[in-house]
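See structure below.
The values are calculated or read from the model by the stated rules, or taken from the named source; none is laboratory data. Since the model is a prediction, treat every value here as computed from it, not as a measurement. Using ideal geometry, Cβ is built from the backbone for each residue, glycine included, and neighbour counts are taken over all protein chains shown. We work out accessible area using only protein heavy atoms, side chains counted, and drop any ligands, DNA or RNA first. Shrake-Rupley method; radii C 1.70, N 1.55, O 1.52, S 1.80 Å.
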Amino acid sequence: MNQKLIKEFEELLGKNRVLSEAEELLCYSYDATSKEFMPDVVVFPLNSNEISNIVKLCLKYNTPVVGRGSGSGFSGGSLPLKGGVVVSFTKMNHILEIDEENMFVTVEPGVINADLKSYLAEKGYFYPPDPASYEFSTIGGNVAECSGGPSAVKYGVTKDYVAALELITGDGEIINTGSKSVKDVSGYNLTQLMVGSEGTLGLFSKITLKFLSNPEANSLILVSFDDIGNGFNAAISLLKLRNRPSMLEFMDKSSIESVKSYFKSDIIKIEGAFLFIIEADGSRLEVGESVAEYEKILKEFSPVFLFSSGSEEEKRVIMEARKAISPSLRKYGDLKINNDIAVPINKIIEMLSFIEGISKTYNVPIINFGHFGDGNIHVNIMLNKDDADMVKRGEKAKFEILKKTAEAGGSLSGEHGIGLEKKEFMKLKYNDYYMNILKNIKKVFDPRNIINPGKIF
Amino acid sequence: MEDKDISYLNCVHCGKCLPVCPTYRISLNEFYSPRGRVRLILTDNNDVLPLKVSKVAEAMSTCLLCGRCVNICPNDVKIGDLIINERIKLNELQDNKFSLGAIALKALKNKRKILLKSALKIANIPIINQLNRRFVPNPQGKAFISARNYRFKADRNGAGGKREEIRAGYFSGCVFNSIYPQISADTVASLVKNGVSVFVPQMQGCCGLPFISSGDISSFKDLALNNANAFKAQDIDYIVTSCASCSYSVNKLYPLYFNKNDEGYSEVLNFSKKLLNIWSFFKVLEKKGIDIKAGELQKETDAVFHIPCHLLNSPEFKPSSYNEGLIGEAGLIVDKIAGLKLKPLKHNYCCGNGGMFNIRHYDLSKEITRLKFEEIKEAFPQNILTSCSGCMFSLSDQRGILKEQQGIPVNHLISIYAQSLKE
Ligand SMILES: Cc1cc2nc3c(=O)[nH]c(=O)nc-3n(C[C@H](O)[C@H](O)[C@H](O)COP(=O)(O)OP(=O)(O)OC[C@H]3O[C@@H](n4cnc5c(N)ncnc54)[C@H](O)[C@@H]3O)c2cc1C
Ligand code: SF4
Ligand code: SF4
């Protein structure tokens, strides 16, 4: 790397906010995918002016610049594919302003989702987006990937909460998008364009988010079925209710197996092949009524196991187990191809049985879990790194599954983004004309293609 | 030590361990994070990239071995053990330069006889002081253990009349012997009042944690064997310690570093199996149907209990009172002290001590301690309680860090309990 650039960074930010030794760079070469790329330098800005100057230096030296939050991404978004500069937002971790009258909060991008949640909860408020990584992923990363989690079924995902952004474009210019007014149609909606842009259009420096009042109470139900058809119909019935669940997660047999140890406490014993975690929230009265109503409906579909949690401790155990699935799949193979497809809800069953067939055809274990309520299935193809033939079969299985998803009118990624992991599959869904529109949009914001190049397309 | 630990291969880089790591929370730099350290260890073991030894050593030596990352990792990556192994390896490479505190450590080990006569006062403190401008508390008085073995007979009156005699050994660890001897006295007194006869052998010494955490495995093993032998001949079922770091060292690390064919393997394992931290021991007594004696403080007061990172609850522990819900097994004793109100801490952050970490990386350590005091300040207690020698050091050393808390007393919970029994 150009020593001169490093020197200029050191002048700009001070030595202790610039990393350039190999051992340090190694610690910024990965995210939660199994791919790795070494950056040439890592920098830690503290404000928008510094970010702007960083981008301008990168333009001067014609070097790629990639934003990074906690590096928990599942699509390679924060990997410096072409080397260059990684901008770590972790030191920009302040909550800047809370506007309780209008119910908006403005944060720096490095704030951890869980820290924002608990900051607001203390004041009686609620920030719903809850990716399973909420305890360690950053708001900046959440916005860039439009992350969502179990609560999406009732509360939506990150895009439903982003009201305004300050960002630095590929020209190094600082712009502001959106506003705190609920109704805002002055020009194109650039805020929403930025949400889910995977760090390819600009680097966010301030994020204004909407929040809600805290629901007074919540309660969890665990239910499982031997017959997948019964389970499916039961779940659909709950979604039709006016008081629909605030969470409707499902786990297939192997994902249940992978976290069973979490359930070993005598609190919960799991049986059955298909499990749902269901949450009701609202006022205490509403929760009581909803739980009774859900239970009544579920019982009509002959569940093999039905459990309503009373205590906080039980709830905690259940949610810990849900969060642990993804990282604990490793026992099925040391290489994971993780697809988070989303299909219309009435296609879920068809999709799952298709996947089961594919798993047999290609002889690879495939583990499914996810957010039933919004059709988002995490399809995990588990492989052994060293078995070249198996890896090939896994890639084929992935292709078939994504093709089927596109045919079913679904999305190639519900929440993790395209990044590196799925870019060659974009053509399964979009034609050249459409892809060109995307590329031209990128050009407007980043004419020299230095911001996170090589991602999405 | 069984087969070489290769659990670094299990790491999927999820990032879950980042926010729980005290050194990452302060630096916000992944080089000082569990995930980063595991990544360096992987590379170092696969020899794919040439790494600078001094730089790798920096990442390893800044780990407090607090175990928070291991507790949260869903993939069973044994980060603490991996880091210790890496330190042992680096030690060999660097010809012992890695352990900055080598001189102090030598004193701890070789002058065992003097140590028993409060050698920390004579031998170690000046040396540690030279190493760093760090404040080391003045010993409270004469060392607890002096020239001979002690036996304390159970107080059979106060403790539920006739029942089988329970005999326990007491393992003081060096700090509670030399610097805070009163804590040893209070522990023994509390046991005796609950009908336990206590044996305190003279020949016990340091638990070895400062050595193994500096990668000095041979001194560590010498000390382990010495401790095992000190208690060996006695007919006792339990050995109790009131220092969380000692129990971590004896319970977790002794079994890890002794091979089947090592001299004294079975003695050391036996010692390790019998040793319990004081709170688990009270739970054992309770399970035996013994009524743990209740005490009362003359003046009502409130406190926070800083949970030491190395305080291990017994595996089957389930909280059965409000206080146990807050702080684990130690909550049982809080339940028994009338007039003591426990206030919750929001995050239960690390105190920043980490044994030798505090000596090597004083400034980083202080930053971590500052975070601790921020949360203590929020709880606004009248006392700070804990149950680990390292934590006592950091908390009393740094209590001036925030103006509001300059004079706040820092005590071992067992001392408050002993006091409540007297009153
Ligand atoms: C165990 C586990 C569970 C997960 N569960 C979920 C889940 O349930 N739902 C879900 O949606 N995701 C999930 N994820 C994926 C991941 O956590 C999310 O994508 C998260 O939003 C990434 O945040 P991060 O801070 O780690 O960002 P990173 O991974 O560091 O970056 C992600 C992308 O954001 C960009 N970026 C980061 N900060 C900025 C910024 N300030 N400006 C512009 N671009 C920026 C990066 O360039 C990159 O493209 C999970 C991941 C793991 C490891
Ligand atoms: S939690 Fe475990 S698997 Fe995840 S990054 Fe940390 S060490 Fe690796
Ligand atoms: S043991 Fe503690 S200090 Fe060391 S890496 Fe783990 S969390 Fe960080």
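Please work out which one of (1) closer than 20 Å to B:Leu256 by Cβ; (2) within 11 Å of chain A (Cβ to nearest Cβ); (3) aromatic (Phe, Trp, Tyr) is the condition B:Tyr8 fails and give its number. Answer for B:Tyr8: the failing condition is (2). In the set (1) more than 15 Å from ligand 2 (Cβ to nearest atom); (2) at pLDDT 95 or above; (3) not β-branched (Val, Ile, Thr), B:Ser61 fails one condition alone, (2).
When the stretch A:12-32 is limited to residues that are more than 21 Å from B:Val12 (Cβ to Cβ) and part of a loop (DSSP other than H, G, I, E, B), the one that is least open to solvent (accessible area, probe 1.4 Å) turns out to be A:Gly14.
Going residue by residue through the stretch A:159-178, is there one that turns out to be β-branched (Val, Ile, Thr) and within 16 Å of ligand 2 (Cβ to nearest atom)? Among the residues of the stretch A:159-178, not one is β-branched (Val, Ile, Thr) and within 16 Å of ligand 2 (Cβ to nearest atom), which makes the answer no.
At least 3 residues being in contact (Cβ under 8 Å) with a residue 12 or more places away in the chain and either within 16 Å of ligand 3 (Cβ to nearest atom) or within 14 Å of chain A (Cβ to nearest Cβ) (or both) is the threshold, and among the helices (runs of 4 or more DSSP H) wholly inside the stretch B:331-423 those reaching it are B:356-360, B:362-379, B:389-398. Just one of the listed residues (B:Lys283, B:Lys293) is in a helix (DSSP H, G or I), touching a Ser or Thr at 6+ places or on another chain (Cβ under 9 Å), among the basic types (Lys, Arg) and buried (at least 17 other Cβ atoms within 10 Å of the Cβ), and it is B:Lys283.
Can you confirm whether B:Ser190 is more than 16 Å from B:Cys391 (Cα to Cα) and either touching a residue at least 12 places away in the same chain (Cβ under 8 Å) or open to solvent by 10 Å² or more (accessible area, probe 1.4 Å) (or both)? Criteria met by B:Ser190. The single residue among A:Lys35, A:Lys117 that is open to solvent by 20 Å² or more (accessible area, probe 1.4 Å) and either farther than 29 Å from A:Lys183 by Cα or within 16 Å of ligand 3 (Cβ to nearest atom) (or both) turns out to be A:Lys35. Total residues in the stretch A:65-94 satisfying the condition of being more than 12 Å from every other protein chain (Cβ to nearest Cβ) and of a type in the set (Lys, Arg): the figure is 1. Please verify whether the stretch B:68-80 includes one or more residues that are open to solvent by 20 Å² or more (accessible area, probe 1.4 Å) and more than 13 Å from ligand 3 (Cβ to nearest atom). Yes; the residues of the stretch B:68-80 include at least one that is open to solvent by 20 Å² or more (accessible area, probe 1.4 Å) and more than 13 Å from ligand 3 (Cβ to nearest atom).
For the stretch B:23-58, the tally of residues that are over 19 Å from B:Asn10 (Cβ atoms) and either outside any loop (DSSP other than H, G, I, E, B) or near ligand 3 (Cβ under 9 Å from one of its atoms) (or both) stands at 13. For B:Gln202, the test of being touching a Pro at 6+ places or on another chain (Cβ under 9 Å), assigned to a loop (DSSP other than H, G, I, E, B) and in contact (Cβ under 8 Å) with a residue 60 or more places away in the chain is failed. Among the residues making up the stretch A:38-53, those that are aliphatic (A, V, I, L, M) and open to solvent by 10 Å² or more (accessible area, probe 1.4 Å) are A:Met38, A:Leu46.
When A:Lys56, A:Lys91 are checked against the criterion of being away from ligand 3 (no atom under 16 Å from the Cβ), assigned to a loop (DSSP other than H, G, I, E, B) and open to solvent by 10 Å² or more (accessible area, probe 1.4 Å), a single residue qualifies: A:Lys91.
Screening the stretch B:26-74 for residues that are at the interface with chain A (Cβ under 9 Å from one of its Cβ atoms) and of a type in the set (Asp, Glu) and picking the one that is farthest from A:Val43 (Cα to Cα) gives B:Glu58. Confirm whether A:Phe425 is part of a helix (DSSP H, G or I), farther than 24 Å from A:Gly196 by Cα and either under 17 Å from the mean Cα position of the chain (by Cα) or among the aromatic types (Phe, Trp, Tyr) (or both). No. Taking the numbered list (1) buried (at least 19 other Cβ atoms within 10 Å of the Cβ); (2) more than 12 Å from ligand 3 (Cβ to nearest atom) in turn, B:Leu9 passes all entries but (1). What about B:Leu28, is it on the phi > 0 side of the Ramachandran plot and either open to solvent by less than 40 Å² (accessible area, probe 1.4 Å) or more than 15 Å from ligand 1 (Cβ to nearest atom) (or both)? Answer is yes for this residue.
Among the residues of the stretch A:215-227, at least one is over 27 Å from A:Arg284 (Cα atoms), more than 12 Å from ligand 1 (Cβ to nearest atom), in the same structural domain as A:Ile277 (by TED's automatic domain parsing) and open to solvent by 20 Å² or more (accessible area, probe 1.4 Å).
Residues in the stretch A:95-114 include none that are within 14 Å of another protein chain (Cβ to nearest Cβ), open to solvent by less than 10 Å² (accessible area, probe 1.4 Å) and assigned to a strand (DSSP E or B).
Residues are listed down the side, and each one gets a yes or a no for (1) open to solvent by less than 10 Å² (accessible area, probe 1.4 Å); (2) closer than 14 Å to A:Leu222 by Cα:
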| residue | (1), (2) |
| --- | --- |
| A:Glu257 | no, no |
| A:Ile270 | no, yes |
| A:Leu275 | yes, yes |
| A:Glu300 | no, no |
| A:Pro303 | no, yes |
| A:Leu306 | no, yes |
| A:Ala321 | yes, yes |
| A:Ala324 | yes, no |
| A:Lys331 | no, no |
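With respect to (1) within 16 Å of ligand 1 (Cβ to nearest atom); (2) within 21 Å of B:Ser365 (Cα to Cα); (3) touching an Asp or Glu at 6+ places or on another chain (Cβ under 7 Å); (4) not polar (S, T, N, Q), the lone exception for B:Met60 is condition (1). Within the stretch A:1-11, take every residue that is over 18 Å from A:Thr90 (Cβ atoms) and either open to solvent by less than 60 Å² (accessible area, probe 1.4 Å) or part of a loop (DSSP other than H, G, I, E, B) (or both) and give me the one that is modelled with the lowest pLDDT. Among those residues, the one meeting the criterion is A:Met1. Take A:Asn376 and decide whether it is over 16 Å from A:Leu275 (Cβ atoms), surrounded by fewer than 22 Cβ atoms within 10 Å (Cβ to Cβ), assigned by TED's automatic domain parsing to the domain that holds A:Glu407 and within 16 Å of ligand 1 (Cβ to nearest atom). When the stated conditions are applied, A:Asn376 does not pass them. The set of residues from the stretch A:333-359 being more than 16 Å from ligand 2 (Cβ to nearest atom), open to solvent by 30 Å² or more (accessible area, probe 1.4 Å) and under 18 Å from A:Gly414 (Cα atoms) comprises A:Pro344, A:Ile345, A:Asn346, A:Lys347, A:Ile349, A:Glu350. Only one of the numbered conditions (1) farther than 22 Å from A:Leu46 by Cα; (2) more than 9 Å from chain A (Cβ to nearest Cβ); (3) open to solvent by less than 20 Å² (accessible area, probe 1.4 Å) is violated by B:Thr23, and that is (1). The single condition among (1) more than 13 Å from ligand 1 (Cβ to nearest atom); (2) surrounded by 23 or more Cβ atoms within 10 Å (Cβ to Cβ); (3) hydrophobic (A, V, I, L, M, F, W, C) that A:Ala152 does not meet is (1).
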